[in-house]
Amino acid sequence: MILLTATLAEPQHFSLAEKSLLIVLVAASGTLFWRRFGLVLDKILKSKKDAGFSLFPLGRRVRDFVWEVLFQAKVVRQRPLPGVAHAFVFWAFCAFALVTLNHFASGLGVGFLSPDGPIGRYYFYFAAVFALACAAGILGLFVRRFLVRPKWLGQKLSYESGFIALLIFVLMATYLAAFFVADASPAARVLWWAHTLAILIFLPLIPHTKHLHLLLSPVTVFLSRGSFSRIPPLVGDEDFGLVAGTDLTRLVSLQAYSCVECGRCTEHCPAANTGKLLNPKEIILGLRSYLNECGPSSDEPLLGKYNAPEAPFQCTTCGACEFQCPVGIEHLPILVGLRRGAVNTGAWENDYGAKLFLTLERGSNALGMSSAERDRFIEKQALPIFDGTQEYCLWLGCMGAYDPKGREIVADFARILNYLGISYGVLRKEKCTGDAARRLGNDLLFQQLAEANLATMTENKVKKIVSICPHCVRTIQEDWKEYGTPPAIEHHSEFLARFRDKLPKQSNQDKIVYHDPCYLGRYRNVYEEPRAVVALAGELVEAPRNHERSFCCGAGGGLVFLGEETGERVSHVRAAELAATGATTVGTACPFCNSMFRDALAATGEGAPQLMDIAQLTARALPEQNAINPAHPH
Ligand code: SF4
Ligand code: SF4
């Protein structure tokens, strides 16, 4: 109420000396700002152009910008309290853009908003509301950073952040205090100059600190590649991935300078949480240090001094970092890019990796088994062979064709298809989709596998695919696009959810905790379909980390093939969390998760929950012998 009866006080006349001083201070502040900001812009613009980048379609970019930047939706959704505090500060900055312009214009005698005019008066009140919210927000963020001190913000206290918080608080406090003094009073003048000085000190600090994100992150969000974990193509014979500064693209450099060091990526990273060397925040800051010290024209390796060579190879490509990042940094193209660089230049020496690549080059699958084993499995299960007349091609994948538990999942899913009377068939010859090769940075091998499989699809006239493996689904649908047009594909959870009305509902007391696989959840945004299927089989319970915050099983990014982990095992951490829910069953929807949890659940001790894929959960209610698929008898 007091505020609504008060008017913002603005000193009416500034002497020539005051105006001159103001001009000198603005020029000094602007110069200091540009000296650093110009340098950063130069490094970004001198970086390599991004292959395949297009501004269009613009609609998606505008939508992301409005949602993530203007509404601050991602920040608020993922961390509600600090998110709201941050949003208050951001919205106040937007509201203050006009106030600040007018503030300096008034100092030079050309103010355009008057506290006595109808527009100015209401605009100043409007800004005052934001000033109050901003002051409260910055105080809250200060308390969090300096008293609560979440470990993800780093061990070292950032005094620079404290000083900037103080400046922002002074800005808001001086603005609000000006409502309670008279225009002509000395107090109004003191407040005016205090406000001015706070702005002029703040301005050059922006590009010199992590507050550079204030300027860059809206651009980063707008220019992002737009789809989750989009791995850009390599261009020409000389492109080996991210090897040295000359390989850094404009998007990568822009993202490196946009990092606000909030640590959200690290907080959710399974590698960082289990004692590995990999820390996604440090990967980004390592690139920033590289750019600062070496620049984008340098031949100095990116891995070595600035980031540990083994760190990118500890990544499960779970995508939690990229999903969480509030400023649009795309970690996965960077991590895979660094792997590409190391693999293509021969810098990565790993016996398991070398064996995997050799196995994939020589054979058809990542498990290194003879294709005759797959034929025997198909024969034993009497799976129909796809001949172009059936509706679906049932893609087995390496796990479904060779892994004993994966085979059980396929067999049960086939029973469901038979029960539903859906026509399907499996390919006589199927190669690995190339998922592990792609994520480990071996593009040549990935290309060979993708092209061979695409040719098989065309030859067999495949129109629709269904698969039990989210890694296969992702790789076929998104990654193969670089080499052709893959057929439509869906995951069996989506398929089963569509037919849920035709599937038997089970009346038992089974408490089932569903584990969201990274490649189905964060990569494909499929969360509710598998839950709908689980709900047919028992009571669905949630793990503490679920949906988009789900914690990885540790298999992705080819790590399942790379032998022992250092530190704690990711699968054991997740299995303990799932078992602690008290569920009788862990429901999975990915054969890799299933394989990782086999031993991990057993290690949780007596009374460990049983482990079942959603296809197995569904199939257990079917009659023992389903009718042979009527359309295509075996
Ligand atoms: S993708 Fe997952 S494992 Fe890799 S750095 Fe990001 S959070 Fe960590
Ligand atoms: S990369 Fe993104 S999430 Fe990670 S610290 Fe930087 S801004 Fe935060």
Per-residue ellipticity at 222 nm for the chain, helices alone: DSSP H runs ≥ 4 residues times -39500 (n - 2.57), over residue total, nearest 500 deg cm²/dmol?
-> -16000 deg cm²/dmol
In nanometres, the difference between 0.36 nm per residue of separation and the alpha-carbon distance of R428 and F126 is 101.8 nm
Alpha carbon centre of the range 132-166 versus the range 256-335: separation in Å?
-> 23 Å
Which distance in nm do the two modelled labels at E451 and E379 give, with both placed 7 Å along the Cα-to-Cβ direction?
-> 3.3 nm
Sorted by mean Cβ packing within 10 Å, highest first, what order do the peptides 328-334, 517-523, 529-535, 291-297 take?
-> 517-523, 328-334, 529-535, 291-297
E391-E542 pseudo-label distance in nm [points 7 Å out on the Cα-to-Cβ vector] = 3.3 nm
For an R0 of 41 angstrom, estimate the FRET efficiency from the Cβ-Cβ distance between L16 and L58 and round to the nearest 0.05.
-> 0.25
For all pairs of alpha-carbon atoms in the range 313-467, what percent lies in each bin of width 10 Å, listed from the first bin to the last filled one?
-> 10, 33, 30, 20, 6, 0
How much of the accessible area of the range 436-500, probe 1.4 Å, is carbon plus sulfur, in whole percent?
-> 50 percent
Between the range 549-612 and the range 475-528, what is the C-alpha centre distance in whole Å?
-> 19 Å
Given backbone amide H placed at 1.01 Å from N, residues whose amide H is under 5 Å from that of K464, ignoring those fewer than 5 places away on the same chain, are C393
Using a simple charge model, +1 on the beta-carbon of Lys and Arg, -1 on the beta-carbon of Asp and Glu, nothing else, what dipole does the chain show about its Cα centre, in debye to the nearest 20?
-> 900 debye
Using amide H atoms built 1.01 Å from N in the peptide plane, name the residues 5+ places from V541, or on other chains, whose amide H lies under 5 Å from its own.
-> I512, V513, Y514
By accessible area of protein heavy atoms, probe 1.4 Å, what ranking do R61, R189 get, highest first?
-> R189, R61
Per residue, how much accessible area does the chain have with a 1.4 Å probe, in Å²?
-> 43 Å²
Mind checking which aspartates and glutamates have their C-alpha under 20 Å from K276, skipping anything on the same chain fewer than 8 residues away?
-> E261, E267, E310, E322, E349, D351, E564, E565, E568, E577
Which loop trypsin sites (Lys or Arg not before Pro) in the range 106-169, with loop taken from DSSP, have no more than 13 other Cβ atoms within 10 angstrom of their Cβ?
-> K156
Free-standing Cys residues across the chain, given no other cysteine C-beta under 4.7 angstrom | C94, C134, C259, C262, C269, C294, C315, C325, C393, C398, C432
Go through the range 201-295 and name the trypsin sites (Lys or Arg not before Pro) that are in a DSSP coil and have 10 or fewer other Cβ atoms within 10 Å of their Cβ.
-> none
Each label point is 7 Å from the Cα along the Cα-to-Cβ direction; what then is the distance between the points at V148 and N350, in nm?
-> 3.6 nm
Which of the GluC sites (Glu not before Pro) across the range 379-439 are loop residues per DSSP, with 10 or fewer other Cβ within 10 Å?
-> none
May I ask which of K74/K502; K43/K156; K49/K355; K48/K151; K464/K502; K355/K463 have a Cα-Cα span longer than 32 Å here?
-> K74/K502; K49/K355; K48/K151; K355/K463
Calculate one ³J(HN,Hα) per residue across the range 506-522 by plugging θ = phi - 60° into the Karplus curve 6.51 cos²θ - 1.76 cosθ + 1.60, and present them in order as whole Hz with x for glycine and proline.
-> 9, 10, 10, 9, 4, 9, 10, 9, 8, 9, 6, x, 4, 6, 9, x, 4
Amide H within-cut-off set for D613, under 5 Å, with H built and near neighbours excluded | T588
Extended-chain gain in nm, criterion 0.36 nm per residue less alpha-carbon gap, L101 and S507 = 139.4 nm
Output the peptides 311-321, 95-105 sorted from most to least packed, where packing is the average of other Cβ atoms within 10 Å over each peptide's residues.
-> 311-321, 95-105
Can you tell me the 0 to 90 degree angle between the C-alpha axis of helix 591-602 and the longest principal axis of the chain, rounded to 10?
-> 90 degrees
Can you give the extra length, in nm with one decimal, that the chain gains between V110 and A51 once fully stretched, where that is 0.36 nm per residue apart less the Cα-Cα distance?
-> 16.5 nm
So the FRET efficiency between L39 and V190, C-beta based with R0 = 41 Å and rounded to 0.05, is 0.70
Between the range 193-245 and the range 341-415, the alpha-carbon center distance in angstrom = 41 Å
Degrees, to the nearest 10: 186-208 long Cα axis against longest axis of the chain = 40 degrees
Tell me, what is the percent relative contact order of the range 1-117, built from C-alpha pairs under 8 Å that lie six or more residues apart?
-> 32 percent
For A320, what charge total do you get from the other residues with a beta carbon under 10 Å from its beta carbon, if Lys and Arg give +1 and Asp and Glu give -1?
-> +1
Any chance you could give the angle, 0 to 90 degrees and rounded to 10, that helix 443-459 forms with the longest Cα principal axis of the chain?
-> 50 degrees
For the chain, share of DSSP beta bridges that run antiparallel, in % to the nearest 5 = 5 percent
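The values are calculated or read from the model by the stated rules, or taken from the named source; none is laboratory data. The shown structure was predicted, so the numbers you read here are calculated from the model rather than taken from an experiment. Here Cβ is always computed from backbone atoms with ideal geometry, including for glycine, and neighbour counts include all displayed protein chains. Accessible surface is based on the protein model in full, side chains and every heavy atom, while ligands, DNA and RNA are left aside. Shrake-Rupley method; radii C 1.70, N 1.55, O 1.52, S 1.80 Å.
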